[in-house]
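Asks: Before anything else, here's the structure in question.
The values are calculated or read from the model by the stated rules, or taken from the named source; none is laboratory data. Nothing here was measured: the structure is a model prediction, and the numbers come from that model. Cβ atoms come from the backbone with ideal geometry, glycine included; neighbour counts cover every protein chain shown. Remember, those area values only see protein heavy atoms, side chains included, never the ligands or the DNA or RNA. Shrake-Rupley method; radii C 1.70, N 1.55, O 1.52, S 1.80 Å.
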Amino acid sequence: MKISLNWLKDFVSVPKKITPEALASKLMLTTTEIEGIEKRGEVLDKLVVGFVKSREKHPNADRLSVTKVDIGNGKILNIVCGAPNVAAGQKVVVALPGVTLPNGLTLERREVRGIVSEGMICSADEMGLGPSHSGILVLNSAAKVGAKVSTILPAQDVIYEIDNKSLSHRSDLWGHYGMAREVAAFLGQKFKEYKIKKSKTSAKSPLKLEVKVQNKKLCPRYLAAVVENIKIGPSPAWLAARLESVGVRSINNIVDITNYVMLELGQPLHAFDFEKIGNGKKKAIVVREAKDGENFVTIDGVQRKLDKSMLVIADTLKPVAIAGVMGGQNSEVNDKTSKIILESANFDFISIRKTSMRLGLRTEASIRFEKGLDPNLAELGMARVLELIAKILPGAKIAGKIIDVKNFKLNQGPIKLSFDYLNKKIGEIIPPAKVVSILKALGFSVKKVGKILNVKIPTWRATKDVSIPDDLVEEVVRVYGYENIPAKMPEAGMTRPEENNARKVERLVKNILAKGLEMTEICNYSFAEEKVLKKIGLNPAEHIRLKNSINKNLTHLRQSLIPGLVANMAQNQHFAEEVRIFEIGKIFFREAGEFIKSNAGGERLPRQDESLAGMILEKGNETPFYEAKDAIAVMLDALHIKYSFEVWQKDLPAWANQARTIRIVAGDKTLGIITELALQVQQSFGVRHRVGIFGINFAELVKLYRDGAAYRSIPKYPSIELDLALLVPRKTVWGDVSKNIFETENRLVKEVQLFDVYEGSGVEAGKKSLAFRIIYRSDERTLKLEEAKKVEELNL
């Protein structure tokens, strides 16, 4: 859409200090996007008025003329001209050598078919004042020879190219009138509001018109007026120039007037030939839905197929226009038209949008209607078009009354807006008086009650634009100026987040197992299959059964991570020589837990414990128990938790190997167990190799964790390492032996390490050899070898 600065100035005074570029920048910051600025008529200062003293045919060209042109001060120029309408006695526009025209042509003195031409006689389009014409522009005879053309033709203007997409929500800005209101608001200038003047009507006229609106939802307002004594002809120069300045071609006075009002106010209008409406003396306009399959030829000569979703303007016999989109050939105004019906209406924006899209026909009228125009604008448009007709066609008369059918109601509020809310949203305290003045400048009615504003929405913003306090906040801040609000970071209180120790330990454990020990984390469902529970030796009846399981097989809540991990192991054993997996997750028990089921009662959800379990399988390794034990030792050492291992054979689960199970002890707490998968369970799942298992109560692990190890100074005195091999019964647990060694002389024995177990040749049947490395050290002095050996003898 194009906006003329001269046209805007009809409604608002723009200070001279505001350059066209500055105005464009302000529009960009407050209202709409500007795609380009075109300055027209600047060249007029460089053009002069000339008088054609003579015109002769060019001797060497049929279509060229040789003229003698007086440009004042006694200067007579020889100019070759190709325009067919050039003639002696005319006042014309002359461009002299050195002048560059808007089309980029720079004039110079040159020969044209053997005749020297010293300038150019210009047409309107060559000066950038409008579309191409058939000849040169002939000036009024009163024009002074030698004067600058800018003093004769006040055609200098600035045209702004508006990005239509940026106005999709602002139906009031689709005309110069609405845009001028915006300019007045942000420049702090007075807006020259257009006042509706009552048009003179001829009650005695025999011309009668009836209007019937069948669908008032799709047409909330329809105004019609009959105007007689119309004489179709060209528009006055000022009107044609205004239209052409914004890219609209002049057609005839009536069509141009309706286009002018649309471009000025944003209200589309249409004129029907009165004689072509209806049949006979009875004239009627019917606003109705089209019939399925109804054919209609629009003024562009294209036949359109309509359907019942479309709204048409019809007479008693036929459609005469597609409502809000385009008129028809069967009612078009032409040179013989002497009486017209003027239409100024309002249509449902959704209906117009759908009709336009279905027909593939988008017009200047439909573009505006589909934005949701103010129904009150139709009345303003009718008043303005009748005013212009009276001005341009003084003999025209309004026959009968202006018909107005209306059925609409707009939500104009009021909206309550508090200054506290406004300032909080904007982040800047704007003086209350400034807020009120901005809203009033935009057309809002404002009533202040304490710190609250009751704001009434103007009708042109109440269609689908402004409806909530935040809309008013936007109106205030954009006119106040985003550039006037200091840029600063939002203030936010910095509080230390509550430390989640369980999450921290979980991450540490996962890093140790996954990165340090190259184990793969598994995430199984919290549900278990009944047949899997039975295979592993667990009683499904002791588990919580689900009423709405996600899978017909996953029917119970798990009480252990082991069944899921065994199933994982069975599935993955074929793809690698070594499978090392672990899982951290919740397990569930029937007894009540800590979480309340609902606020309504005191019933608690089942107990939910956090558990850690892992499994290690290595083809050919018949003692994966030790791999599982080493993994736990690495993890607990990294977490700085003191622990010990004890043989454990009480209350073991059915899936544990009774002969290879130890418990993990930390202080007086049993942290978990290390074992191997029972042979019968291994076989029932089809696992081909022995599996080492560890299981830990994760909640107890979290309680034992301390962030960082306690500081211990480096020993001041050297230690002595001695190896000791003992022959013991085969069932003897090395942990018991180690414990006995510490108890013998714990002041000097600092560490006991088992580094070899031997059974076989040279060892008595039923016995085994345990080889220990014992580290001796005194905290008070350098220990002598004899002292260490003495302690060793005591152990023996």
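Asks: Sort region 1-102 into rounded, prolate or oblate with this rule: let a ≥ b ≥ c be the square roots of the eigenvalues of the Cα gyration tensor; rounded if a/c is under 1.5, and if a/c is not under 1.5, prolate when a/b is larger than b/c, oblate otherwise.
Replies: prolate
Asks: Here's something else I'd like to know. Through the Karplus equation 6.51 cos²θ - 1.76 cosθ + 1.60, θ set to phi - 60°, convert the phi angles of region 775-788 into ³J(HN,Hα) values in whole Hz; use x for Gly and Pro.
Replies: 9, 10, 6, 9, 8, 10, 7, 6, 7, 8, 4, 4, 5, 5
Asks: Which trypsin sites (Lys or Arg not before Pro) in region 1-48 pass both tests, a DSSP loop state and at most 13 other beta-carbon atoms within 10 Å?
Replies: Lys16, Lys17
Asks: Would you mind checking the pairs Lys276/Lys336; Lys534/Lys597; Lys197/Lys283; Lys198/Lys283; Lys619/Lys768 and listing those with alpha carbons more than 21 angstrom apart?
Replies: Result: Lys534/Lys597; Lys197/Lys283; Lys198/Lys283; Lys619/Lys768 exceed 21 Å.
Asks: Considering all alpha-carbon pairs of region 103-250, what whole percent are spaced by more than 26 angstrom?
Replies: Summing the P(r) of region 103-250 above 26 Å gives 58 percent of all pairs.
Asks: Show that you can apply the helix-only estimate: for the chain, add -39,500 (n - 2.57) for every DSSP H stretch of four or more residues, divide by all residues, and state [θ] at 222 nm to the nearest 500.
Replies: That calculation yields -7000 deg cm²/dmol at 222 nm.
Asks: So which aspartates and glutamates pass the test for Lys750, namely a Cα distance under 16 Å, with those fewer than 8 places away in the same chain ruled out?
Replies: Glu721, Asp723, Asp779, Glu780, Glu787, Glu792
Asks: Contact order normalised by length for region 426-506, with contacts defined as Cα pairs under 8 Å and 6 or more residues apart; what percent is it?
Replies: In percent, rounded to a whole number, it is 24.
Asks: In sequence order, what are the phi-derived ³J(HN,Hα) couplings for region 678-693 according to the Karplus relation 6.51 cos²θ - 1.76 cosθ + 1.60 with θ = phi - 60°, rounded to whole Hz, with x for glycine and proline?
Replies: 4, 4, 5, 5, 4, 6, 5, 8, x, 7, 8, 10, 5, 10, x, 10
Asks: Mind running the shape call on region 363-437? Use the C-alpha gyration tensor, a ≥ b ≥ c as the square roots of the eigenvalues: rounded below 1.5 for a/c, prolate if a/b tops b/c, oblate otherwise.
Replies: Verdict is prolate for region 363-437.
Asks: With a 1.4 Å probe and all protein chains left in place, how much accessible area per residue does the chain have, in Å²?
Replies: 53 Å²
Asks: In terms of the Cα gyration tensor, with a ≥ b ≥ c the square roots of its eigenvalues, is region 74-127 rounded because a/c is under 1.5, prolate because a/b exceeds b/c, or oblate?
Replies: rounded
Asks: Moving on to the next point. Any aspartates and glutamates with Cα under 13 Å of the Lys586 Cα? List them, leaving off those in the same chain fewer than 8 positions away.
Replies: Glu506, Asp609, Glu610
Asks: Another one. When averaged across all projection directions, what area in nm² does the alpha-carbon convex hull of region 671-796 cover?
Replies: 12.2 nm²
Asks: Among Lys629/Lys716; Lys165/Lys354; Lys17/Lys39; Lys291/Lys406, which pairs are too far apart, with a Cα-Cα distance over 28 Å?
Replies: Checking Cα-Cα distances, Lys629/Lys716 exceed 28 Å.
Asks: Let me ask you something else. For region 642-796, what does the relative contact order come out to in percent, with C-alpha contacts under 8 Å and a separation of six or more?
Replies: This gives 18 percent for region 642-796.
Asks: Under 5 Å between amide H atoms, partner at least 5 residues away or on a different chain: which partners does Glu35 have, H built in plane at 1.01 Å?
Replies: Glu161, Ile162, Asp163
Asks: Also, quick follow-up: If you average 1/r over every pair of different alpha-carbon atoms in the chain and take one over that average, what Kirkwood value in Å do you get?
Replies: 37.0 Å
Asks: Something else now. Taking H placed 1.01 Å from N in the peptide plane, check which residues at least 5 places from Glu210 or on another chain put their amide H under 5 Å from its amide H.
Replies: Under 5 Å from the amide H of Glu210: Lys283, Ala284, Ile285.
Asks: Still on this structure, I have one more. So what's the projected area for region 755-796, the Cα convex hull averaged over all directions, in nm²?
Replies: Projected area, direction-averaged: 4.1 nm².
Asks: Counting DSSP beta bridges with both partners in the chain, what percentage is antiparallel, nearest 5?
Replies: So the antiparallel bridges amount to about 95 percent of the total.
Asks: While we're on this one: If I model region 624-672 as equal point scatterers sitting on the Cα atoms and use the Debye formula, what is log10 I(q)/I(0) at q = 0.24, 0.29 Å⁻¹?
Replies: -0.97, -1.20
Asks: Aspartates and glutamates within cross-link reach of Lys456: Cα-Cα under 16 Å, excluding same-chain residues under 8 positions apart?
Replies: Within the straight-line cut-off, Lys456 pairs with Asp374, Asp465, Asp470, Asp471, Glu474, Glu475.
Asks: Which value, in Å³ per residue, describes the convex hull spanned by the Cα atoms of region 165-256?
Replies: 196 Å³
Asks: Here is a further query. With respect to the cross-link table entries Lys46/Lys391; Lys371/Lys447; Lys200/Lys440; Lys217/Lys308, which display a Cα-Cα separation exceeding 25 Å?
Replies: Lys46/Lys391; Lys371/Lys447; Lys200/Lys440
Asks: While we're looking at this one, here's another question. So which GluC sites (Glu not before Pro) in region 110-185 pass both tests, a DSSP loop state and at most 13 other Cβ atoms within 10 Å of the Cβ?
Replies: none
Asks: Additional query: Karplus couplings for region 412-423 from phi (6.51 cos²θ - 1.76 cosθ + 1.60, θ = phi - 60°), rounded to Hz, Gly and Pro as x?
Replies: Result, ordered by residue: 9, x, x, 9, 8, 10, 8, 5, 4, 5, 4, 5 Hz.
Asks: Any idea of Arg362's accessible area? Nearest 10 Å², probe 1.4 Å.
Replies: Here the accessible area works out near 130 Å².
Asks: Could you compute how much accessible surface Asp300 exposes when probed at 1.4 Å, giving the result in Å² to the nearest 10?
Replies: 70 Å²
Asks: Collect residues whose amide H, placed 1.01 Å from N in the peptide plane, falls under 5 Å from the amide H of Arg40; neighbours closer than 5 in sequence don't count.
Replies: Counting only residues 5 or more places away or on other chains, the set is Asp157, Val158, Ile159.
Asks: Can you pull a Stokes-Einstein diffusion coefficient for region 244-308 at 25 °C (0.890 mPa s), Rh from Kirkwood over Cα pairs, as a whole number of µm²/s?
Replies: 167 µm²/s
Asks: Relative to the compact globular guide of 2.2 N^0.38 Å, what is the alpha carbon radius of gyration of region 473-628, as a ratio?
Replies: 1.65
Asks: Suppose a student asked you for the relative contact order of the chain, using Cα pairs under 8 Å spaced at least 6 residues apart; what percent would you report?
Replies: Here the relative contact order equals 8 percent.
Asks: Restricting to Cα atoms and excluding each atom paired with itself, what does the Kirkwood estimate give for region 549-626 in Å?
Replies: 15.2 Å
Asks: Turning to a different aspect of this structure: Heavy atoms only, probe 1.4 Å: what % of the accessible area of the chain goes to carbon and sulfur, would you let me know?
Replies: The value for the chain is 50 percent carbon and sulfur by accessible area.
Asks: Quick check: pseudo-label points 7 Å beyond the Cα along Cα→Cβ at Lys165 and Val302, how many nm apart are they?
Replies: It works out to 2.3 nm between the two label points.
Asks: While we're here: If you consider only alpha-carbon coordinates, what radius of gyration and Dmax does region 430-521 have, in Å?
Replies: Computed over the Cα atoms of region 430-521, radius of gyration and Dmax are 26.6, 74 Å.
Asks: Charges on Cβ only, +1 for Lys and Arg, -1 for Asp and Glu, centred on the Cα centroid of region 161-231; of Tyr177, Ala224, Phe191, which one is farthest towards the dipole's positive end?
Replies: Farthest towards the positive end: Ala224.
Asks: Distance from a point 7 Å along Cα→Cβ of Glu428 to each backbone N in region 480-501: keep the residues under 14 Å and list them by number.
Replies: Flagged as within label range: 480-489.
Asks: Roughly how many Å² of Ser25 are accessible to a 1.4 Å probe, to the nearest 10?
Replies: Ser25 exposes around 60 Å² with every protein chain in place.
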